[in-house]
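Just below is one structure, and these are the notes that go with it.
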């Protein structure tokens, strides 16, 4: 079983990359990582879980955004803060594509990170959207139900 503190740090690292990616439309995750390495050559190697999660989320952005959009009530995707959207994308990615991670853990971690990086309403908003994704999954909704290779 992975160390929960290490997983939280890895999710935070993945969040930071996906958040940075949101400012560079059309850029690849690898470009963000290369830019960070150029800024600070002494950065430690990326956490393997963080890298897998961020890569899968970056690859699946249209599907993740579609899943999130279906769960929004009275909101449009463009109204969500970049931080909340990055957290939602990562958590939905875990729920849809990482079978070895309990959905409750994905929700809890996203809510905890929202407390650090979001506004006062972000944790409740993220919890509500992710709860809807889970209920849809339990009812047999969209998602391929397969973990990413190596997960």
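Overview of results
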read-out	value
Subset of segment 109-135 that is free of Cβ contacts under 8 Å to residues at least 24 places away in the same chain and assigned to a loop (DSSP other than H, G, I, E, B) - its residue that is surrounded by the fewest Cβ atoms within 10 Å (Cβ to Cβ)	120
In segment 59-69, residue farthest from residue 139 (Cα to Cα) [restricted to those that are surrounded by 16 or more Cβ atoms within 10 Å (Cβ to Cβ) and more than 12 Å from the chain's Cα centre (by Cα)]	63
Residue in segment 1-23 that is nearest to residue 93 (Cα to Cα), counting only those that are modelled with pLDDT of 90 or more and outside any helix (DSSP H, G or I)	22
Any chance residue 7 is touching a residue at least 24 places away in the same chain (Cβ under 8 Å), under 28 Å from residue 132 (Cα atoms) and either buried (at least 19 other Cβ atoms within 10 Å of the Cβ) or touching a strand residue (DSSP E or B) at 6+ places or on another chain (Cβ under 6 Å) (or both)	no
Test set (1) crowded, with 16+ Cβ neighbours inside 10 Å; (2) farther than 19 Å from residue 13 by Cβ; (3) touching a helix residue (DSSP H, G or I) at 6+ places or on another chain (Cβ under 6 Å) - residue 106 fails condition number	(2)
Residue ID - nearest to the chain's Cα centre (by Cα), chosen from residues in segment 77-103 that are under 16 Å from residue 10 (Cβ atoms) and part of a helix (DSSP H, G or I)	90
Residue 72 being modelled with pLDDT under 95, surrounded by 14 or more Cβ atoms within 10 Å (Cβ to Cβ) and more than 17 Å from residue 17 (Cβ to Cβ)	yes
Segment 32-48: number of residues that are surrounded by 12 or more Cβ atoms within 10 Å (Cβ to Cβ) and in a helix (DSSP H, G or I)	5
Within segment 10-31, tally of residues that are surrounded by 14 or more Cβ atoms within 10 Å (Cβ to Cβ) and more than 16 Å from the chain's Cα centre (by Cα)	1
Test set (1) surrounded by fewer than 18 Cβ atoms within 10 Å (Cβ to Cβ); (2) touching a helix residue (DSSP H, G or I) at 6+ places or on another chain (Cβ under 7 Å); (3) more than 17 Å from residue 134 (Cα to Cα); (4) at pLDDT 95 or above - residue 51 fails condition number	(2)
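The values are calculated or read from the model by the stated rules, or taken from the named source; none is laboratory data. Since the structure is predicted, the reported quantities are computational estimates derived from the model, not experimental observations. Using ideal geometry, Cβ is built from the backbone for each residue, glycine included, and neighbour counts are taken over all protein chains shown.
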